[in-house]
Number of protein chains: 2
Amino acid sequence: MVVSETSPVVEGDAAVSKKAAKKAAKAAEKQQKKAEHKASSGTTPAESEPDYSEGHYGTYKLMQSSGEHRDRVYTDVKDLTVHKNGQNVWVRARLQTSRAKGKQCFAVLRQNSSTVQLLVNVSEEMKVSKQMVKFVGNVTKESIIDVYATIVKTAIPVESCTISQVELVASEVWLVSSARAQLPLQIEDAARPEKNDDPEGLKIRVNQDTRLDNRVLDLRTPANQAIFRIEAGVCRLFRDILTNKGFVEIHTPKIISAASESGANVFTLSYFKSSAYLAQSPQLYKQMAIAADFDKVFTVGAVFRAEDSNTHRHLTEFVGLDLEMAFKHHYHEVVDTIGQTFTDMFRGLRDQYAAEIAAVGQQFQVEPFKFLDPPLKLEFPQAIQMLKEAGVTLGEEDDLSTPDEKLLGRLVKAKYDTDFYILDKYPLAVRPFYTMPDPNNPKASNSYDMFMRGEEILSGAQRIHDPELLTARARHHGVDINKIAAYIESFRLGCSPHAGGGIGLERVVMLYLGLDNIRKTSMFPRDPKRVTP
Amino acid sequence: MVVSETSPVVEGDAAVSKKAAKKAAKAAEKQQKKAEHKASSGTTPAESEPDYSEGHYGTYKLMQSSGEHRDRVYTDVKDLTVHKNGQNVWVRARLQTSRAKGKQCFAVLRQNSSTVQLLVNVSEEMKVSKQMVKFVGNVTKESIIDVYATIVKTAIPVESCTISQVELVASEVWLVSSARAQLPLQIEDAARPEKNDDPEGLKIRVNQDTRLDNRVLDLRTPANQAIFRIEAGVCRLFRDILTNKGFVEIHTPKIISAASESGANVFTLSYFKSSAYLAQSPQLYKQMAIAADFDKVFTVGAVFRAEDSNTHRHLTEFVGLDLEMAFKHHYHEVVDTIGQTFTDMFRGLRDQYAAEIAAVGQQFQVEPFKFLDPPLKLEFPQAIQMLKEAGVTLGEEDDLSTPDEKLLGRLVKAKYDTDFYILDKYPLAVRPFYTMPDPNNPKASNSYDMFMRGEEILSGAQRIHDPELLTARARHHGVDINKIAAYIESFRLGCSPHAGGGIGLERVVMLYLGLDNIRKTSMFPRDPKRVTP
């Protein structure tokens, strides 16, 4: 039983000296080799045969922080450069693949998105025995190993690895954590390019549910390692840009007493002896923060939609990047702030995440994202006109359908060469009750959507900050005034004119990279059919 | 009816020219004055009396972004310095208080935490009529006004305002958004010092439920303006410090299929035709991110506890600052990283938020927070010994009670002069099943809590990354193995040794500032009895 081998403490054997630990590790190593033999086609080395590699390879006992090897310095795979040729280093990485042939074992080590070739050659001088080569050949894929090795410049570049100028020649190999022999998916398959014009594209792919069911493995592909670093970058840039503009981060409650916008699409929750709801938007709280003199606020957090939409772009739980801002005289002060935030964010991604964007591009067809500075701002009637010229007829008070939006995105791209634009002045009729009417056109409103590659990623508006007008508009929309009494009351305490918007993080990342499904940009996605893992 | 006055668009009168708008504003102003008269003890000026201030005061029509005044430049109250003596500026601020006496009105303007005195003197030369003075005197407290005024150096400092060297002498005053005459609480009351040794302490205070019921008003006090800016600072520092150390931000789902740690204290949710739960911790997802090679991760997000605890330090929803980190050989690599993160955060708060900390100190007794660099780290047996010397007897496998923790905090403060310390090596028996046992002491574990002013603000541990040991420990704790099968499975795919912890944001802010209730540091707190506003 592995537990007793690797964690003697649990079995009550507390006084494990370093010497005893080494002995235990040896024992564990033997057992590991035996166990692995069953799954492999090799032969077991005769136990009596002398092994001059003893003490240079094997399985570590379970890492319980015993204090051993605390001072050992490790080198990252990405830092294995040709300038370090000849140096001996410790590396901890996953064994991605291995192939033992007689006296040699070739393996690929992977750390995050970086890979390097590892050579284990039988050599009495280097104390690498054939038993040791065999041991390495039997380490299961995706196991984590410690390698002590010499950095050696390669004669010809190793094209299959990200580190191609050097390889590692091992003198010690230790198993840190083993993966099971049968993996539910292979990283090579999960990482295979999915480009349309790629002849490789015909090979085995891993379907999305298999990926998501085994997300821990799926997330190890270079593209996924990059996607979630880019997602972290979007959040960081969003917050830093706004903080520099004087915005204050707030946190809004997810548990609320009444549905945010309407009774539909809201998750209900048992709350002690009563019930409550999950917030579909932080909007009312952002607005209260404005009424409470925080002037410019943003919040990053979970948003919930109980919508039974099984599409490429809907999740039941997503991360909202929301902001709200008081303005002095015109909501375009806010629109321009948001637009500039996007432009600065796109520039930041392009300049700071080039390697990650390229890594995603290795697997998926990623067209570079184009943007303008300042961003393009169109008014709704202009969009109607462009669509009309393309053969789509819309009334001036109609909303855009999803196909209209996509077409418009293509038209805008062709005409202005930008993947991001702002569409201002939506018809009043298609916007929520709290949207400020346009003072000059009774059919228009002070509201806007923002688009990336023809898909909406932000919806926003100047909000009505006058309690009487708000009440009138709510009644007009058939909203129960009693249910929003506290909301209306906020504006009886004096409130600056303000506008804002909400951005879906996963959509921004999906569309920035030109990916085809929002589940690719949610680490653990939730949809009507999935609440695991 | 105010709606028709201030937002003619809604009534179909779209073609409001600037001239007409001005006329409408005048009409609204008259009405406003009449309305306010009812609540005031003044007299209505004879409508026929000539008013040489016409066009210099009144009520703006509703700010619908008509395009008027777009180029007007405003000066912030905090920037009204003596160096600007004699300059004319536009200021938008709340009217905190006003007192009209004959030909003069003294008012206090407030913007965020800054206040300045405003003088409105009858003066034909400056076109300030007695009607205008009366108008200002009748503006309700907490209304937002635009003031065009001259900055004038004061003969003696205005002690009651944060800006004491200058005051504003008005030549125009416009009402932007009016507050209702009867406010549910007065800002002066809500902002009154609550220091124990303060003679002012005997005056009227606003009780906590009244504050929370009217949070929009309550949040306007200087202390609250400061508290939530400090809270934003804690989040920013936490993220920046960790990002600089190579951590990646992740987002973990709040909707989960099984209760995180135990079936107790979890909120249940209807999820389409089934049910789901609200995550009590992001821990399992952080660990999966480690198993998925993200190495060092943090996440900031809502955490839910369905615990019927009505104490000064429990919320049913709070913001978790969570982190998890793979290490090479010893979990102290992680403990030291977390400890240093706290030290850097405390230093950042002290250096970057001095004004905000002082603002909180104006209302509450705030002892400066003391910390050491590097932070103090004690082991559990040392704590037991210190408590024993103070007369409290504890077994070596007992957990600390809340009073024990508080006493220990005082003992540590007296001995080491620090309000922050780390307590390492908790008894294995009192920690969750996934806690790594100490390899050298069967009764101890590789786990730790961190404390601020004697209250726990972080709990963490090295987690068991070996599936067999994890299974054995879960069984030992009576955990249903089937329910955590997916969790255990994560560790069959190869996983680095790792440790982490979770921090309660609101507790950190409460304890950093020495406040007495966690509801003071949650913008819209949730507890068993409160889900509003």
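Give A:ALA226, A:ALA258 a once-over and let me know the one that is in a loop (DSSP other than H, G, I, E, B) and of a type in the set (A, V, I, L, M, F, W, C). Of the residues listed, the single one that is in a loop (DSSP other than H, G, I, E, B) and of a type in the set (A, V, I, L, M, F, W, C) is A:ALA258.
Across the stretch A:86-123, the qualifying residues are those that are among the hydroxyl-bearing types (Ser, Thr, Tyr) and out of contact with any Cys (no Cβ under 9 Å at 6 or more places or on another chain), and the one among them that is nearest to the other protein chains (Cβ to nearest Cβ) is A:SER113. Only one of the numbered conditions (1) away from every other protein chain (no Cβ under 13 Å); (2) within 26 Å of A:PRO497 (Cβ to Cβ); (3) in a loop (DSSP other than H, G, I, E, B) is not met by B:PRO157, and that is (2). Consider the stretch A:234-258 and keep the residues that are without any contact (Cβ under 8 Å) to a residue 40 or more places away in the chain and more than 7 Å from every other protein chain (Cβ to nearest Cβ). The one that is surrounded by the fewest Cβ atoms within 10 Å (Cβ to Cβ) is A:ASN244.
Looking only at residues in the stretch B:62-73 that are loosely packed, with under 14 Cβ neighbours inside 10 Å and not charged (D, E, K, R), the one that is nearest to B:ILE163 (Cα to Cα) is B:VAL73.
Pairing each residue of the stretch B:474-497 that is under 24 Å from A:ALA181 (Cα atoms) and modelled with pLDDT under 95 with any residue that is part of a helix (DSSP H, G or I) and among the charged types (D, E, K, R), provided the two are 6+ apart or on different chains, yields C-beta distances under 8 Å for B:ILE481/B:ARG475. Selection of first residues in the stretch B:396-410 that are on the phi > 0 side of the Ramachandran plot and of second residues that are part of a helix (DSSP H, G or I) and at pLDDT below 95, restricted to Cβ pairs under 6 Å at least 6 apart or on distinct chains, gives an empty result. Just checking, does the stretch B:241-255 include any residue being part of a loop (DSSP other than H, G, I, E, B) and β-branched (Val, Ile, Thr)? Yes: the stretch B:241-255 contains one or more residues that are part of a loop (DSSP other than H, G, I, E, B) and β-branched (Val, Ile, Thr). With the structure loaded, tell me whether B:THR221 is at the interface with chain A (Cβ under 7 Å from one of its Cβ atoms) and either surrounded by fewer than 20 Cβ atoms within 10 Å (Cβ to Cβ) or polar (S, T, N, Q) (or both) or whether it fails that test. No. B:ASP293 fulfils the conditions (1) part of a loop (DSSP other than H, G, I, E, B); (2) more than 7 Å from chain A (Cβ to nearest Cβ); (3) crowded, with 22+ Cβ neighbours inside 10 Å; (4) of a type outside the set (Val, Ile, Thr) except for a single criterion, (2). Just need a number here: residues in the stretch A:67-89 that are at pLDDT 95 or above and either assigned to a loop (DSSP other than H, G, I, E, B) or farther than 20 Å from A:GLN111 by Cβ (or both). Qualifying residue count for the region: 9.
Does B:MET436 satisfy the condition of being modelled with pLDDT of 95 or more, buried (at least 21 other Cβ atoms within 10 Å of the Cβ) and more than 14 Å from chain A (Cβ to nearest Cβ)? No, not satisfied. One residue stands out in the stretch A:280-290 among those that are of a type outside the set (Val, Ile, Thr) and out of contact with any helix residue (DSSP H, G or I) (no Cβ under 8 Å at 6 or more places or on another chain): the one that is surrounded by the most Cβ atoms within 10 Å (Cβ to Cβ), namely A:PRO282.
The helices (runs of 4 or more DSSP H) located wholly in the stretch B:413-531 that include 3 or more residues which are over 24 Å from A:ARG215 (Cα atoms) and more than 20 Å from the chain's Cα centre (by Cα) occupy B:467-476. Consider the stretch A:90-110 and keep the residues that are of a type in the set (A, V, I, L, M, F, W, C) and either touching a residue at least 40 places away in the same chain (Cβ under 8 Å) or part of a loop (DSSP other than H, G, I, E, B) (or both). The one that is surrounded by the most Cβ atoms within 10 Å (Cβ to Cβ) is A:LEU109. Could you tell me whether the stretch B:121-134 includes any residue that is β-branched (Val, Ile, Thr) and touching a residue at least 60 places away in the same chain (Cβ under 8 Å)? There is at least one residue in the stretch B:121-134 that is β-branched (Val, Ile, Thr) and touching a residue at least 60 places away in the same chain (Cβ under 8 Å). The residues on offer are B:GLU194, B:GLU188, B:GLU125, and the sole one that is acidic (Asp, Glu) and touching a Ser or Thr at 6+ places or on another chain (Cβ under 9 Å) is B:GLU188.
Pairing residues of the stretch B:77-88 that are within 14 Å of B:GLN117 (Cβ to Cβ) with residues that are among the basic types (Lys, Arg) and surrounded by 14 or more Cβ atoms within 10 Å (Cβ to Cβ), at Cβ distances under 8 Å and at least 6 apart in sequence or on separate chains, gives B:VAL77/B:ARG110.
Please verify whether the stretch B:307-324 includes one or more residues that are within 7 Å of another protein chain (Cβ to nearest Cβ) and part of a helix (DSSP H, G or I). No; the residues of the stretch B:307-324 include none that is within 7 Å of another protein chain (Cβ to nearest Cβ) and part of a helix (DSSP H, G or I). A Cβ distance below 8 Å, combined with a sequence gap of six or more or placement on separate chains, defines the contacts here; from the stretch B:57-71, residues that are within 7 Å of chain A (Cβ to nearest Cβ) reach residues that are part of a strand (DSSP E or B) and of a type in the set (Val, Ile, Thr) in the pairs B:MET63/B:VAL176. Consider only pairs whose beta carbons are under 6 Å apart and that are at least six residues apart or on different chains; among these, list those whose first residue lies in the stretch B:413-440 and is basic (Lys, Arg) and whose second residue is surrounded by fewer than 22 Cβ atoms within 10 Å (Cβ to Cβ). Pairs that qualify, where the first residue is basic (Lys, Arg) and the partner is surrounded by fewer than 22 Cβ atoms within 10 Å (Cβ to Cβ), are B:LYS425/B:GLU379. For the stretch B:491-533, which residues satisfy the criterion of being aliphatic (A, V, I, L, M) and more than 7 Å from chain A (Cβ to nearest Cβ)? Once the filter is applied, which keeps residues that are aliphatic (A, V, I, L, M) and more than 7 Å from chain A (Cβ to nearest Cβ), the stretch B:491-533 yields B:ALA499, B:ILE503, B:LEU505, B:VAL508, B:VAL509, B:MET510, B:LEU511, B:LEU513, B:LEU515, B:ILE518.
The values are calculated or read from the model by the stated rules, or taken from the named source; none is laboratory data. Since we're looking at a predicted model, the values are computed, not measured. Counting neighbours? That spans all protein chains shown, and the Cβs are built from the backbone with ideal geometry, glycine included.
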